[in-house]
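Contents: one structure, followed by commentary.
The values are calculated or read from the model by the stated rules, or taken from the named source; none is laboratory data. In this text, all values refer to a predicted model and were calculated from it rather than measured experimentally. Here Cβ is always computed from backbone atoms with ideal geometry, including for glycine, and neighbour counts include all displayed protein chains. Ligands, DNA and RNA are stripped out before the accessible areas are found, and what is left, the full protein with its side chains, is counted by its heavy atoms. Shrake-Rupley method; radii C 1.70, N 1.55, O 1.52, S 1.80 Å.
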Amino acid sequence: MLRVGLTGGIGSGKSTVAGIFEVLGIPVAYADQEAKRVMTEDQGLRQQIILHFGENAYTESRLNRPYLAAQVFSDKAKLALLNSLVHPATIAAGEKWMDRQEGHTPYAIREAALIFESDAVRYMDFVIGVYAPPTLRIHRVLQRDKLSREDILQRMRNQIDEDIKMRLCDAVIYNDEQHPVIPQVLSLHEQLLQLAAATT
């Protein structure tokens, strides 16, 4: 089974692309959901987060995402610390999920914004990038999330440069409202099926 990564910056449309692959019958794991789960359920990780970020990191045993976001997205050292705690647990959970897909599908996808930044790329056979220009990404996030323009720009600055990220990918899907996305996904799906068949 091919292990495929799907990445792109905030507002690029990764989830939209992932949803199309799911319609085609391909299993997709979402790193953000996995991170939320391990930050809530992994007691050791939870204790480390409380130790470094305070009791307010959780409210009524639920992860307090707005509180953590306010702390880390304006402080690179705190963001690096949080990532150093969360990424290993999230990657391990993603690998267990991938192992469960073996034998059931030609390829499976792990959607994650930080595939390169977290070094999860070393567990992938193929990485797809989703690209959209910065102005469009900002517009989408403003429409979708309760974030200010400055908050969005800060989060974009905390990810590696989008042009560099796309060059690191094996394939790129353009979600820029100029190129229809579905035909690109269908073409890539066929390519991945052929690649999976060639490696068995």
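Worth pointing out:
- The residue list A80, A92, A35, A70 contains one member that is out of contact with any strand residue (DSSP E or B) (no Cβ under 6 Å at 6 or more places or on another chain), surrounded by 15 or more Cβ atoms within 10 Å (Cβ to Cβ) and part of a helix (DSSP H, G or I), which is A35.
- Extreme residue, farthest from L114 (Cα to Cα), among residues of region 43-67 that are open to solvent by 60 Å² or more (accessible area, probe 1.4 Å) and not in a helix (DSSP H, G or I): E60
- Checklist (1) touching a residue at least 40 places away in the same chain (Cβ under 8 Å); (2) open to solvent by 50 Å² or more (accessible area, probe 1.4 Å); (3) of a type in the set (S, T, N, Q) applied to Q178, failing item: (1)
- Among residues of region 81-96 that are closer than 21 Å to R3 by Cα, those with a Cβ under 8 angstrom from a residue that is basic (K, R) and crowded, with 20+ Cβ neighbours inside 10 Å, sequence gap 6+ or separate chain, pair up as G94/R110.
- Among the residues of region 21-31, not a single one is in a helix (DSSP H, G or I), in contact (Cβ under 8 Å) with a residue 12 or more places away in the chain and open to solvent by 40 Å² or more (accessible area, probe 1.4 Å).
- Flag if V17 is more than 27 Å from A77 (Cα to Cα), under 13 Å from the mean Cα position of the chain (by Cα) and in a helix (DSSP H, G or I): yes
- Of all residues in region 187-200, those satisfying the criterion of being free of Cβ contacts under 8 Å to residues at least 40 places away in the same chain and either of a type in the set (V, I, T) or loosely packed, with under 13 Cβ neighbours inside 10 Å (or both) are S187, E190, Q194, A198, T200.
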